[in-house]
1. If you check P83 against the conditions, is it in a loop (DSSP other than H, G, I, E, B), over 27 Å from A9 (Cα atoms) and not β-branched (V, I, T)?
2. Contact list please: Cβ distance under 6 Å, first residue in the range 59-82 and over 30 Å from V1 (Cβ atoms), second residue of a type in the set (S, T, Y) and open to solvent by less than 100 Å² (accessible area, probe 1.4 Å), pairs at least six apart or on different chains.
3. How many of the residues making up the range 78-108 are of a type outside the set (G, A, S) and loosely packed, with under 12 Cβ neighbours inside 10 Å?
4. Condition first: among the charged types (D, E, K, R) and outside any loop (DSSP other than H, G, I, E, B). Now tell me which residues in the range 6-45 satisfy that.
5. Output the residues belonging to the range 40-77 that are surrounded by fewer than 14 Cβ atoms within 10 Å (Cβ to Cβ) and among the acidic types (D, E).
6. Taking the criterion of being at pLDDT 90 or above, of a type outside the set (D, E, K, R) and either under 20 Å from V114 (Cα atoms) or exposed (fewer than 11 other Cβ atoms within 10 Å of the Cβ) (or both), would at least one residue in the range 16-29 satisfy it?
7. With the structure loaded, tell me whether A51 is in a helix (DSSP H, G or I) and of a type in the set (A, V, I, L, M, F, W, C) or whether it fails that test.
8. Exactly one of (1) assigned to a loop (DSSP other than H, G, I, E, B); (2) within 23 Å of R15 (Cβ to Cβ) is unmet by F75. Its number?
Amino acid sequence: VAEDVARAAGLRATRGPLLCSSTVLASPAAKRAAATAHASVAVDMESGAIAAGAAAHGIPFLAVRAILDRVEAQFPPAPLVGPDGRVRPLEIARRLATHPGDVVRLWALRGMTVAAQHTLDRFFAAWFGYVDTGGDFGRQG
């Protein structure tokens, strides 16, 4: 159903194994190695814990993700986001003070974040349209 909803929203859906990582894969080499080692279509840092909690309580779970960065994207290695998911402004300032060229990468990351949020907004607008119509939304003939 999620794939049908994505298509109805004009989005591309990819089905496959999702690698759940506890660390950021910042370099293209690290992303390629993880994809090869685990035969995954994407890497995610949040869905695994949520899926485990849902499974422990017998609750069905589906991860719908917007891919933030492509394999080729490289990010600064500093821990710019804390374990709670919040941006660490002092770490960003420290990184930019010592590596001013990273401003381009961080600005690109901001653009990717905005695009990913827009994709999720489109998907969930279509999803709620599907739910509101009793499951007939986006189905053909």
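1. yes
2. Between residues of the range 59-82 that are over 30 Å from V1 (Cβ atoms) and residues that are of a type in the set (S, T, Y) and open to solvent by less than 100 Å² (accessible area, probe 1.4 Å), the close pairs are Q74/S27.
3. Counting residues in the range 78-108 that are of a type outside the set (G, A, S) and loosely packed, with under 12 Cβ neighbours inside 10 Å gives 10.
4. R7, K31, R32, D44
5. Passing the criteria: E46, E72.
6. No, the range 16-29 has no match at all.
7. yes
8. Only one criterion is unmet by F75, namely (2).
The values are calculated or read from the model by the stated rules, or taken from the named source; none is laboratory data. Since we're looking at a predicted model, the values are computed, not measured. FYI the Cβ positions are ideal-geometry reconstructions off the backbone, even for glycines, and counts take in every protein chain you see. Keep in mind that these areas ignore ligands, DNA and RNA; they rest on the heavy atoms of the full protein, side chains included. Shrake-Rupley method; radii C 1.70, N 1.55, O 1.52, S 1.80 Å.
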